[in-house]
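Here's the structure we're looking at; comments come further down.
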Amino acid sequence: MGRLSDLYHSAVGKKALMAVSGIVLFGFVLVHMAGNLKLYQGAEKLNAYAAWLRQIGVPLLPETGALWVARLVLLAAVGIHIVAAYQLTRLNQRARPVGYRDRSAVQATYASRTMRWGGVIILLFVVYHLLHLTWGTVHPDFVHPEVVAGGETEYDVFHNVVTGFRVWWVSGFYIVAQLALGLHLYHGLWSLFQSLGLPNQSAQPWRRRVAAVFALVVTVGNVSFPISVLGGWVG
């Protein structure tokens with residue numbers, strides 16, 4: 001127990017927590033983006049996908065049971081990631097209370113320098129996204145799931161996405177948030193290799209390419225949704 005406690009309170013332990021929670025979050029954003037590509041197949045496909053998500057595990061689990069398990073795991077991963085990041089920042093500040101005299105000499109990518117603010121933007125975006133397209137609280141024309149004949153539930157996610165993104169400033173906020181997410185993913189995935197003990201200098205270009213491709217795929221996919229709606233190509 002003492003060794004585990006020492007590991008948790010060390011920079012290495014906190015980096016490991018960020019890495020493990022990051023893997024969960026990387027997987028989620030990729031799968032979430034891939035599922036949303038159903039938008040380009042039309043209302044029937046996207047709505048059927050939304051219904052399928054709520055039926056996973058039925059009848060072993062109640063309807064939306066597996067979805068709530070996934071949400072709780074994601075919530076835990078987000079909490080661990082934020083707490084570990086904050087604590088790691090505090091450790092670094094205590095280790096070097098005096099700032100660098102010449103910050104231009106510090107090697108850091110633009111993504112790494114904006115990780116903190118990028119994280120804040122992403123957190124605000126997640127809250128807004130839930131209020132907007134999950135619960136419909138801030139959506140002016142949200143269609144809630146409706147139980148129809150036979151006890152089945154109908155979803156009109158396609159309508160909610162299209163009408164939501166037709167508001168230009170909403171789409172603008174989504175696009176800015178996705179760009180911040182892309183930078184976060186790039187630096188986070190590259191740092192993940194370091195945290196998992198893969199500091200081999202000869203593999204640095206390879207790791208950067210993997211991180212760049214992953215971040216680019218997710219960012220382009222997510223940004224394409226509001227742009228396609230605003231451009232009139234979807235809906």
Review point. For Pro199, all conditions in the list (1) at pLDDT below 85; (2) in a helix (DSSP H, G or I); (3) more than 20 Å from the chain's Cα centre (by Cα) hold save one; what is the number of the exception?
Key: (2)
Point to revise | Those residues of region 25-72 which are closer than 18 Å to Leu130 by Cβ and of a type in the set (Val, Ile, Thr), in sequence order | key: Val29, Val31, Thr64, Val69
**Study point:** Near pairs, Cβ below 6 angstrom, 6+ apart or cross-chain, from region 114-133 (closer than 18 Å to Trp169 by Cα) to any residue that is outside any helix (DSSP H, G or I) and among the hydroxyl-bearing types (Ser, Thr, Tyr)
**Key:** Leu131/Thr137
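Check whether at least one residue in region 40-61 is under 14 Å from the mean Cα position of the chain (by Cα) and under 21 Å from Val127 (Cβ atoms), and report yes or no. It would help to see each step written out before you state the result.
Of the residues in region 40-61, the ones under 14 Å from the mean Cα position of the chain (by Cα) are none.
Within region 40-61, none of the residues are under 14 Å from the mean Cα position of the chain (by Cα) and under 21 Å from Val127 (Cβ atoms).
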Revision key, fill the gap. Scanning region 42-57 residue by residue, the ones that are in a loop (DSSP other than H, G, I, E, B) and among the basic types (Lys, Arg) total 0
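The values are calculated or read from the model by the stated rules, or taken from the named source; none is laboratory data. Bear in mind the structure is a predicted one, so any value in this text is a computation, not a measurement. Please note: Cβ atoms are built from the backbone with ideal geometry, for glycine as well, and neighbour counts cover all protein chains shown.
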